[in-house]
Structure formats: structure tokens, C-alpha cells
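Every read-out reported here was derived from the displayed coordinates using simple, explicitly stated rules and does not represent laboratory data. These figures come from a predicted structure and were not determined experimentally. Here Cβ is always computed from backbone atoms with ideal geometry, including for glycine, and neighbour counts include all displayed protein chains.
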Amino acid sequence: MTETAIEVNDLTVAYHERPVLWDVDLRVRPGALTAIVGPNGAGKTTLIKAILGLVSPAAGQIRVLGRSYREARSEVAYVPQRGSVDWDFPTSVLDVVLMGTYGSLGWIRRPGKREESRAREALEKVGMEAFAHRQISQLSGGQQQRVFLARALVQDARVYLMDEPFQGVDARTERAIVDVLRELRERGDTVVAVHHALQTVPEYFDDAVILNVRRIASGPVGEVFTEENLRVAYGGRVPFLQGVAGGASAARDSPPPPESPVDRRARPEAT
Amino acid sequence: MSWIDFEIQALAIVVAVSCALPGAFLVLRRMALMSDAISHSILLGIVLAFFVVEDITHPLLILAAAATGVLTVALVEALHRTRKVKEDAAIALVFPALFSVAVILISRYAGSVHLDLDAVLLGEIAFAPFRRLELWGMDLGPRGLWMMGAILLLNLLAIVVFYKELKLSTFDAGLAAALGFSPALVHYAFMTLVSVTAVGAFDSVGSILVVALMIAPPAAAYLLTDRLPLLLVLSGALGAVSAVSGFWLARGIDASIAGSMAAMAGVTFLLALLFAPDRGVVAGVRRRARQRLEFAGVMLAIHVLNHEGGPRARAENRVEHLQEHLRWSPDFARKVVRHAQREGLIASGSGGELHLTALGREHARHRMLH
Ligand SMILES: Nc1ncnc2c1ncn2[C@@H]1O[C@H](COP(=O)(O)OP(=O)(O)O)[C@@H](O)[C@H]1O
Ligand SMILES: [Mg+2]
């Protein structure tokens, strides 16, 4: 196994001459769950897209599993932001999950029985097997998120890049997703996920990257998830700061903090 | 029906189906307006190529036209990327520029060029049967039918072979790129297909009406199904229906065939918009009426529950009083009561007063709590 799953050196990305990532250096530990956190517009999505070669950097170098992304492509899975696609597109859940097999099929070849059974397996892992033939426009936010996760799982990758996989999901789905992520970690896979809820970072993730145009800190959550680092990233107004920063390492060993019931019930979801 | 009528309709169907297939992906990619741009700007390619080869049937015309179509897409995107104008404005700036040059060239050299502006704008499908394809002295049928047939075949082939790539890059271009299917390549190949189709169709129905045949049938199909393969089949079928009905409309009222075809495409869409089983306007109105009735039924149950056993229960819980208390019209009040009775929420006593069934009480309590 390589020393680092993802290595980013001096990465600068600019949109129309405005840098949104500025000289970012990063090492992602293999076999760990890494959170990318930072305020809106911090460049988290851009960082993921740059790793995947979807945006071209103005400067810098990116290696995935010690190779260029092109060479490592078959071992990388991607979960885009849920809002990045049109959920009214005329297709079914199973069909979307099958898209995860397209990479291994290459051009022209169509998915067959083997791919279909893999897709169904992945749907089972995220608890969506009953929805296989459902039209995707009928899914709730949490179900959409699980379908995207299943689509990444069929890729059978070693590195998973996920853009806000917990966005808009209810408590039950959040648990289900966390379970899947832990299963991936047990297999030795690497997961990098953009994550918004700071209070759950210490519970869910091993490492964290704190980002706001520049990389403010990265490393084990217990070391980098400090009040000071978060203040730098969020400009003083840190949401949910109390009981998170500083106490991070303690939180990891103790049982998970009780979930805020108000917060959860605000996002009801029929599954 | 004469043989000529038959040939015209055959061509009309082939044109309509050829347009509808790539049109479906244009609609899904939210690029409907691009068909308008392409179908106009390809005229410039046709005119320029015509100046070179001086033969209106020369295959170079198609190539040149397709190239202008792709150029249009590239120019629109380049203009949009400057972020000085929005995409719709970019489209509206690029294609009239190219189209106007073509119109100027045609009108300036009209004398020496056998390109008729009317024919360009509106097509001349009625004359298509008179331009025959002859090989070794044999009559093989209308030339346009052969050309359009080849284009239809090309469209079918491209969509069947690259179905997976088209679908993925349309639904999720980011994943397509991450998996190594260059969405930009797919995009430009697809736009070439749209351009080639527009050139072929344009000869029959003119540049203005190509748009109607590309967009209206898929837009109608989109209201009728949520499965992509069925959407493609339906788009083609609705296109064919528009073509044939348009032909007979034109015959009936002695009007332009191309115009009638486009009009029928519009009518097809309108019918789908009104009567589509799930997403149609009528279905929506029905659904809302039913929801309103259901909600009113629960309100009624809650009202009865609140007055149950009270001193004025007999007076309050009567149909006539609902009007006053719930501000319902007498008609609507009767309808709601009938609905609630049918649903088993309410029963009426001997004196006409309403009382709750066990089910009705449960519903009312449940709804008050949630
Ligand atoms: N395609 C684009 N063109 C121009 N600016 C962009 C584009 N995508 C993102 N940006 C800008 O780049 C910055 C970072 O965006 P993003 O990476 O999406 O942030 P995050 O995911 O952390 O919220 C934002 O200011 C955003 O407006
Ligand atoms: Mg983002």
C-alpha cells in the first residue's frame, strides 16, 4: 500500500483569475475517514473536483494512490453533491446505480446481468433494494443520497471522494451512511468527505482537513480540530463550536454525544 | 391517396422522427434553444459551400452546414464563458449574426444562385417527390427521402451505440468526466448530429420549423413517461403523428405542409400538456380538487368532534350550519358530507344531524395532533 492515498502539492485553482484554492498542500492517510470542513465557498467542492481532474488547476500537483488521477481512475469513486444533477431525469434508481459500473465497462459496452446484480447488492448495502425500480424524482433527499452512495459502492474503488454525503438526510439515513463508511474503512479503503455538521466530525471521522481557500490545518481530528483552527476558517463565528473543538479527542473515546432531537425532527423524511 | 402524397408523407415521417430523436436529448440537456440557433446558422454553411461547388445536392453542403452548426455551439459557449452575457443572450447574439450573413449573401447573389430564400425558411417538402434519385437510369425515389433516411439511420445508430454515454453525460457530466467518458467529446459529437439532422430536415421543412419538430414531440413525451427508452420511442412516434396529421391538415385547408406539420407538433404537445395521465393540467386539477375534498372531509370531522356532546351539538352538526361555520358554499358542503360519508368518517342521524364514526373520530384526533 502507498504511504498516502491522496497527495496534493501547491494546488492553486482559480475561476476567472480569482483563486478559490490557494497553494494547498495535503496528504490523505490511506484506510482512514477524512472530513473536509470549511465555510460555504471555501473551495471544498473545488478541491474534490481538482483531485478528480474535473477542474484544471492553475498550479500544483495531485497524486492519487501514488499515480496521476488518469492512471488511478478505476480505483476512485465519486459522490457528487446531490444538487448537481437533475432528479427529474427520466430514469430509475437501479439505472442510476448502474452508472457506477460504466467506468469498468468502458465505451459502448452495456451493463449486463453481472453489473445488475452488483448494483442490487450495492442498493442492499444502503437499504434501498426495495426502491430499485422507483423513478428517481420520487425519492426524498436522504434516499437520493443513498442512491448516490450505492452508485459509488458499485465502483468497488479504493478511494472514495464524497461531496456532502450527509446533506439533507434524516438521522436514520445518517447512521446508515456512517455504517457504510466504516465498513469501507474496515476494508482498508480511503474515504474523503466534505462535511458540514462540525459537531459530528469527531464522532464520524479520523482525520480532518480544515479549509478556507488556504488549507488551515489537516491531520488527525484530535490534533487539528481546535477552536483556534476553526475560528481561523470560519472567521470567528463558528457554528456548534461549543463542546466540539478542544474536546475532540475526548469525544472520540467516549460514547457519541446525544443527538439534538430538535435538529433531527426539523428534517422529517418518509422512507 | 396518390403515390406523390405517399412519398411526401414518407419523407415527412422520416424528417419528424429524425428530428425528434436528438431533440429528446436536447430537451433533457436543457438546450432546446440551441436547436433554434443551429437550424438557422447552418444556412451560412450551406450558402458558402454552394458558392464553392455550385450544386445544391452536393454532399459538401451537409458537411459545411454541420460544421457551422458546431461552430455555433462553440461560439455560444465561448461568449458565455466570458461571463459578460448569459447563455440565452449568447445564443440570441450568435445565430442571428451567422444567419444574417447567409441571408445577405443569398439576396445579394440571388440572380446567379439557385437558392430561394422562401424555400430556405419554409422548406419545400411538396416538391420533394419531383427531385428524384436516379441511378443507372433507374428511379430510386425522392432524393430527399434517401438523404433523410440516411440521417435517420445515423441518428438511430449513434443513439443505440452510444446510449450509455449519452445518458450518463446528460444526467451527470461530472461523473462522466470522472469515469473517463469525455463529456465534452460526447457533447460536440452530439451537437454535430443535431447539426446534420437540422441540415437534412431544413431542406424539407425549412429552418424555422425544424425547431418545432425537434422540441415539441420530446417535450410532449417527457410529460407522458419517466423512462428514457420509452421517451425516445414516444418522441419519434409523436413526431410521426404530427407529420402525417400535418400533411392532411395542409391538404384539407390548402396550406403549407411544413407549417401544418409544425402546428400539429404544437397541438400534440398541447394535448399532452392538458391530458397527460400524471403530469397533465387536467390530472393536476383533479388531484387538487380531490385533495381539497379530502382535507375538507377531515376539517368536517374535526368540526363535528369539537361540537360533539356539547349543548348545541344537534344544531351545529348539520349540513346547513357548515356553510356558516366553515364558510363553505351549500354545494361544496353537500359534496364534502357525501365524500366523508363515503369514506366512512361521518354518518347522519335520523334528524339530519351529523355524527362521527369510530374511524372518523380517530382521523380527526390524529389530524389535530399532527
Ligand atoms: N464554475 C465556477 N465558476 C466560477 N466560480 C465558481 C465556480 N464554481 C465555484 N466557484 C466559486 O468558487 C468558490 C468555491 O466554490 P466551492 O468549491 O463550490 O465551495 P464549497 O464547496 O466549499 O462551498 C465559490 O466562491 C464559488 O462561487
Ligand atoms: Mg460545495
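Run the helix sum for chain A: -39,500 (n - 2.57) per DSSP H stretch of 4+ residues, divided by residue count, reported at 222 nm to the nearest 500 deg cm²/dmol.
-9000 deg cm²/dmol
Provide the convex hull volume over Cα atoms per residue for the stretch B:295-370, in Å³.
Dividing the Cα hull volume of the stretch B:295-370 by its residue count gives 84 Å³.
Any idea which of B:Ala90, A:Thr4, B:Ala201 is furthest toward the positive side of the dipole for the protein assembly as shown, if Lys and Arg beta-carbons carry +1 and Asp and Glu beta-carbons -1?
Highest projection toward the positive end goes to A:Thr4.
Could you bin all the Cα-Cα distances of chain A into 5 Å bins starting at 0 and give me the percent of pairs in each, rounded to whole numbers?
1, 6, 13, 16, 19, 17, 14, 9, 4, 1, 0
Calculate the spin-label point distance for B:Glu87 paired with A:Asn40, positioning each point 7 Å from the Cα along the beta-carbon direction, and give it in nanometres.
2.2
Between A:Arg182 and A:Glu223, what's the calculated FRET efficiency when r is the beta-carbon distance and R0 is 22 Å? Round to 0.05.
Between A:Arg182 and A:Glu223 the formula returns 0.55.
Quantify how strongly other chains surround peptide A:97-108 by giving the mean number of their Cβ atoms within 10 Å of each of its Cβ atoms.
4
Among A:Phe148, B:Phe50, which comes first, second and so on when ranked by fewest other beta-carbon atoms within 10 Å?
B:Phe50, A:Phe148
Inside 10 Å of the C-beta atoms of B:178-190, what's the mean count of C-beta atoms belonging to other chains?
The mean count of partner-chain Cβ atoms within 10 Å per residue comes to 3.
Output the Cα-based Rg and Dmax of the stretch A:17-148 in Å, rounding Rg to one decimal and Dmax to a whole number.
In order Rg, Dmax, the Cα atoms of the stretch A:17-148 give 17.0, 48 Å.
When the distances between all Cα atoms of the protein assembly as shown are binned every 10 Å from zero, what whole-number percent does each bin get?
3, 13, 18, 18, 16, 15, 11, 5, 1, 0, 0
What is the P(r) of the stretch B:233-307, as percent of Cα-Cα pairs per 5 Å bin from 0?
Percent of pairs per bin, in order: 4, 15, 14, 13, 10, 9, 8, 6, 6, 5, 5, 3, 2, 1.
Name the residue farthest towards the positive end of the dipole of the stretch B:3-279 from the options B:Pro218, B:Ser39, B:Met138, assuming +1 on Cβ of Lys and Arg, -1 on Cβ of Asp and Glu, about the Cα centre.
Going by the Cα projections, it comes out as B:Pro218.
Under unit Cβ charges (Lys, Arg +1; Asp, Glu -1), what dipole magnitude, rounded to 20 debye, does the protein assembly as shown have relative to its Cα centre?
I would put it at about 1300 debye.
How large is the dipole of the stretch A:59-190 about the Cα centre if only Lys and Arg carry +1 and Asp and Glu carry -1, each at its Cβ, rounded to the nearest 20 debye?
Value, rounded to 20: 420 debye.
Go through A:Gly142, A:Asn40, A:Thr200 and say which Cα lies farthest out towards the positive end of the charge dipole of chain A; charges sit on Cβ, +1 for Lys and Arg, -1 for Asp and Glu.
Of the listed residues, the answer is A:Gly142.
Tell me what chain B gives for mean residue ellipticity at 222 nm when only DSSP H runs of n ≥ 4 count, each as -39,500 (n - 2.57), the sum divided by the residue total, rounded to 500 deg cm²/dmol.
It lands at -26000 deg cm²/dmol.
What number do you get for chain B when its Cα radius of gyration is normalised by 2.2 N^0.38 Å, N = residues?
Compactness ratio reported: 1.42.
By how many degrees, 0 to 90 and rounded to 10, does the Cα axis of helix B:87-108 deviate from the longest principal axis of chain B?
40
How big is the charge dipole of the stretch B:224-344 about its Cα centre, in debye rounded to the nearest 20, if each Lys and Arg gets +1 on its Cβ and each Asp and Glu gets -1 on its Cβ?
With Lys and Arg at +1 and Asp and Glu at -1, about 220 debye.
Going highest first, how would you order B:180-188, B:205-213, A:205-213, B:77-85 by mean Cβ packing within 10 Å?
Listed from highest to lowest mean packing, they are B:205-213, A:205-213, B:180-188, B:77-85.
Taking beta carbons within 10 Å but only from partner chains, what does the mean come to for residues A:80-91?
5
How large is the translational diffusion coefficient of the stretch B:186-322 in µm² per second when you combine the Kirkwood radius over alpha carbon pairs with Stokes-Einstein at 25 °C and 0.890 mPa s?
D, rounded to a whole number, is 131 µm²/s.
Using only Cα atoms and rounding to the nearest 10 degrees, what angle (0 to 90) does helix B:183-224 make with the longest principal axis of chain B?
Around 70 degrees separate the two axes.
Of B:Lys167, A:Lys44, how do they rank once you tally other Cβ atoms within 10 Å and put the fewest first?
B:Lys167, A:Lys44
For the ranges B:39-49, B:230-240, A:104-114, A:49-59, what's the packing order if you count other beta-carbon atoms within 10 Å of each residue, average per peptide, and put the highest first?
Descending packing order for the listed peptides: B:39-49, B:230-240, A:49-59, A:104-114.
In nm, to one decimal, how far is the B:Met138 label point from the A:Arg175 one, both placed 7 Å along Cα→Cβ?
7.5
Whole-Å semi-axes of the stretch B:187-248's equivalent ellipsoid, largest first, each the root of 5 times a Cα gyration tensor eigenvalue?
20, 18, 8
Take the Cα of A:His16, step 7 Å along the line toward its Cβ, and report every residue of the stretch B:29-43 whose backbone nitrogen sits under 18 Å from that point.
Zone members listed by number: none at all.
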